[in-house]
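Encoded as structure tokens, the structure appears first; notes follow it.
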Amino acid sequence: QLQVLTRHVPAVESLGTITVLAVDKTGTLTQNRMEVAELFSSGASLVAAAAVDLPEAFHELVEFSILATPWDPFDPMEKALQAFGRARLDGTEHLHGDWKPEKAYELSPEILAMTHVYRVLEPGVHLLATKGAPEAVVDLCHLDEVASAGVSQAMEAMAARGLRVLGVAKGSWRGAEWPAIQHDFEFEFLGLVGLMDPPRPEVPAAIGECRQAGIRVMMLTGDHGATALSIARSVGLDSAWQVLTGPEIDALDEPALAARLRTTDICARLRPEQKLRLVRALQMDGEVVAMTGDGVNDAPALMASNVGIAMGARGTDVAREAADLVLLDDSFASIVAAIRLGRRIFDNLTQSMRFVFAVHVPLVGLTLLPLVFRWPPFLTPVHIALFHLFIDPACSLVLEAEPERPDVMTRPPRPVGTTPFQGRSVLYAVGQGAGVLGVLLGAYAACKEGWIWAPGWSESALRGTFFLPLVLSVFGLVVSSRPRGIGLANHYPAVLRMLAAILGAMVLVYGIPVIRRLLMIEGPGLPQVLAMFGALAGVALWLGVWRRLGWDQLMVTEKPSP
């Protein structure tokens with residue numbers, strides 16, 4: 001339902017501790033449905049949606065953007081280039097569906113561009129088609145300062161409108177041996193292609209929810225800084241609008257990088273290995289990091305992060321194997337939903353642990369202490385077995401399955417290392433149970449020793465008097481184990497069904513003679529009924545007073561130390 005696949009179960013609980021959520025832009029904050037929006041060539045611009053027919057001046061630009069792309073691509077950006085070119089160049093000589101690249105130069109950390117090499121009709125001549133980061137393509141084309149400035153100005157303008165910008169170039173090669181690198185070719189710059197990838201509509205609200213929860217959201221992208229900044233503005237990601245680029249990261253040492261990241265939420269023009277440095281720098285600064293990734297090279301950063309999140313729709317198998325969680329729909333909102341679920345699970349486990357500690361104090365005490373005081377045994381194995389028929393469903397069907405608290409996404413992340421067995425939380429639970437034990441044991445002693453009524457109550461009469469208050473204390477401990485400010489209405493319907501089950505079972509226990517004999521209890525008379533209600537009132541009063549102390553808040557709202 002949440003579109004999140006959990007590969008390591010503890011990671012869901014760990015989501016409640018994260019302080020930084022570092023996410024990809026493309027496909028996570030955006031819809032990953034790209035389309036060509038704008039073209040630039042020879043100083044002229046064209047808005048794709050405004051042009052019915054593609055002017056001749058842009059035919060070569062579109063033609064070589066297709067030749068630099070696989071004919072049947074997987075990447076959404078390359079799919080958009082192919083779809084646009086086939087639609088706008090249909091019926092022209094600029095489509096070459098039967099051409100197959102003879103050689104390909106792939107993207108590399110040194111050159112953020114790729115080149116396809118085609119054999120053409122003239123013997124010994126090869127055609128080159130290149131696309132990539134505009135600055136990389138400009139460098140391959142060896143443009144002069146004036147031409148480079150014009151391309152840079154157009155690129156900045158397109159990126160500022162939120163477009164992902166690609167440079168396109170062509171070239172030719174004559175020779176028997178292929179050059180080792182793309183720089184050894186001669187290229188002619190053709191222009192720029194701007195692609196639009198609209199933000200997901202649910203992202204701004206999800207980012208606002210993270211901000212309320214004390215979680216900082218960072219954008220990690222390989223796109224140009226201006227493109228990242230435009231998308232960040234549209235989704236409400238950052239208020240300072242500072243961008244840290246890959247080359248700037250390379251120039252910083254670890255302490256300087258950690259200091260810079262304290263005021264920067266947007267990192268652009270990143271290479272995969274730089275993501276690993278970012279994760280480690282954030283962790284060195286005391287942050288708990290969840291990071292998304294989809295590529296093979298993202299695996300080290302995913303493994304180094306506190307919670308690695310892989311993309312299910314567009315991610316590689318290597319990234320999914322390295323991650324703790326897999327997003328089936330690649331949506332940022334699904335991450336936030338998983339964080340909400342993780343906090344709810346931890347809250348419910350904490351409540352369940354408190355209940356388990358509390359409910360076993362009177363159970364163990366009423367089993368052992370009568371023997372210590374040389375009284376008749378109060379609980380036998382059959383009573384304990386019946387008692388656990390109420391304890392286990394109270395944990396699994398009520399407390400662990402409760403809906404989230406109203407403040408689940410408005411409180412800060414809990415400190416790392418916090419567990420449901422936190423000392424003061426356990427102390428609160430033991431205090432709950434000790435009070436119930438004290439009330440029931442005191443009432444039992446009063447009736448046994450004749451402090452209120454005349455002595456001489458039989459063992460079965462004493463057991464019949466105080467077994468019902470002991471069982472109903474399970475219900476009281478369920479209610480009082482929850483944080484203050486959440487009333488009985490928030491339990492409905494699970495707790496009410498539990499109360500109905502307890503009362504129904506007690507009717508059978510006290511109403512059917514065979515069961516009474518099996519449990520060795522006696523049907524209560526008027527004195528027993530009065531003692532029974534007195535014990536119930538004492539238990540309710542104690543639980544109410546203890547709940548008023550507010551110790552149940554210590555576990556889930558404790559803030560990290562600075």
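The values are calculated or read from the model by the stated rules, or taken from the named source; none is laboratory data. If you're wondering where the values come from, they're calculated on a predicted model, not measured in any experiment. Cβ atoms come from the backbone with ideal geometry, glycine included; neighbour counts cover every protein chain shown. Remember, those area values only see protein heavy atoms, side chains included, never the ligands or the DNA or RNA. Shrake-Rupley method; radii C 1.70, N 1.55, O 1.52, S 1.80 Å.
Results for (1) within 16 Å of LEU462 (Cα to Cα); (2) of a type in the set (A, V, I, L, M); (3) within 39 Å of the chain's Cα centre (by Cα), shown as yes or no for each residue.
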| residue | (1), (2), (3) |
| --- | --- |
| ALA338 | no, yes, yes |
| ARG343 | no, no, yes |
| PHE357 | no, no, yes |
| LEU371 | yes, yes, no |
| PHE378 | yes, no, no |
| ALA385 | no, yes, no |
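Among the residues of this structure, GLY246 counts as one that is touching a Leu at 6+ places or on another chain (Cβ under 7 Å) and either closer than 14 Å to THR264 by Cα or charged (D, E, K, R) (or both). Just one residue in the set ASP330, ASP324, ASP347 is touching a helix residue (DSSP H, G or I) at 6+ places or on another chain (Cβ under 9 Å) and modelled with pLDDT under 85; that residue is ASP330. Filtering the range 206-213 for residues that are of a type in the set (Gly, Ala, Ser), closer than 30 Å to SER14 by Cβ and either open to solvent by 10 Å² or more (accessible area, probe 1.4 Å) or free of Cβ contacts under 8 Å to residues at least 24 places away in the same chain (or both) leaves a non-empty set.
Note on the range 190-204: residues that are open to solvent by 40 Å² or more (accessible area, probe 1.4 Å) and within 17 Å of LEU81 (Cβ to Cβ) total 1.
All but one of (1) among the charged types (D, E, K, R); (2) in contact with a helix residue (DSSP H, G or I) (Cβ under 8 Å, 6 or more places away or on another chain); (3) open to solvent by 20 Å² or more (accessible area, probe 1.4 Å) hold for LYS131, so report the exception by its number. Every condition holds for LYS131 apart from (3).
Answer yes if at least one residue in the range 426-436 is of a type in the set (Ser, Thr, Tyr) and either modelled with pLDDT under 85 or exposed (fewer than 13 other Cβ atoms within 10 Å of the Cβ) (or both), and no otherwise. The answer is no, given that none of the residues of the range 426-436 is of a type in the set (Ser, Thr, Tyr) and either modelled with pLDDT under 85 or exposed (fewer than 13 other Cβ atoms within 10 Å of the Cβ) (or both). Filtering the range 358-406 to residues that are outside any helix (DSSP H, G or I) and within 19 Å of VAL539 (Cβ to Cβ) leaves PHE378, LEU379. Counting just the residues of the range 275-291 that are farther than 19 Å from PRO413 by Cα and touching a strand residue (DSSP E or B) at 6+ places or on another chain (Cβ under 8 Å), which one comes out surrounded by the most Cβ atoms within 10 Å (Cβ to Cβ)? Ranking the candidates gives LYS275 first. Of the strands (runs of 3 or more DSSP E) contained entirely in the range 205-292, those carrying at least 3 residues that are closer than 13 Å to LEU21 by Cβ and not charged (D, E, K, R) fall at 216-220. Helices (runs of 4 or more DSSP H) fully within the range 1-97 that include at least 3 residues being at pLDDT 85 or above, surrounded by 19 or more Cβ atoms within 10 Å (Cβ to Cβ) and not hydroxyl-bearing (Ser, Thr, Tyr): 59-67, 76-88.
GLU106 meets the conditions (1) open to solvent by 40 Å² or more (accessible area, probe 1.4 Å); (2) over 24 Å from ASP298 (Cα atoms); (3) charged (D, E, K, R); (4) touching a strand residue (DSSP E or B) at 6+ places or on another chain (Cβ under 7 Å) in every case but one. The failed one is (2). Applying the criterion of being touching a residue at least 60 places away in the same chain (Cβ under 8 Å) and among the β-branched types (Val, Ile, Thr) to the residues of the range 408-425, the residue that is least open to solvent (accessible area, probe 1.4 Å) is VAL408.
Taken over the range 138-173, the residue count meeting the criterion of being in contact with a Leu (Cβ under 8 Å, 6 or more places away or on another chain), of a type in the set (Val, Ile, Thr) and assigned to a helix (DSSP H, G or I) is 1. Say whether the condition of being surrounded by fewer than 24 Cβ atoms within 10 Å (Cβ to Cβ), touching a residue at least 40 places away in the same chain (Cβ under 8 Å), basic (Lys, Arg) and not in a helix (DSSP H, G or I) is met by at least one residue in the range 321-340. No, the range 321-340 contains no residue that is surrounded by fewer than 24 Cβ atoms within 10 Å (Cβ to Cβ), touching a residue at least 40 places away in the same chain (Cβ under 8 Å), basic (Lys, Arg) and not in a helix (DSSP H, G or I).
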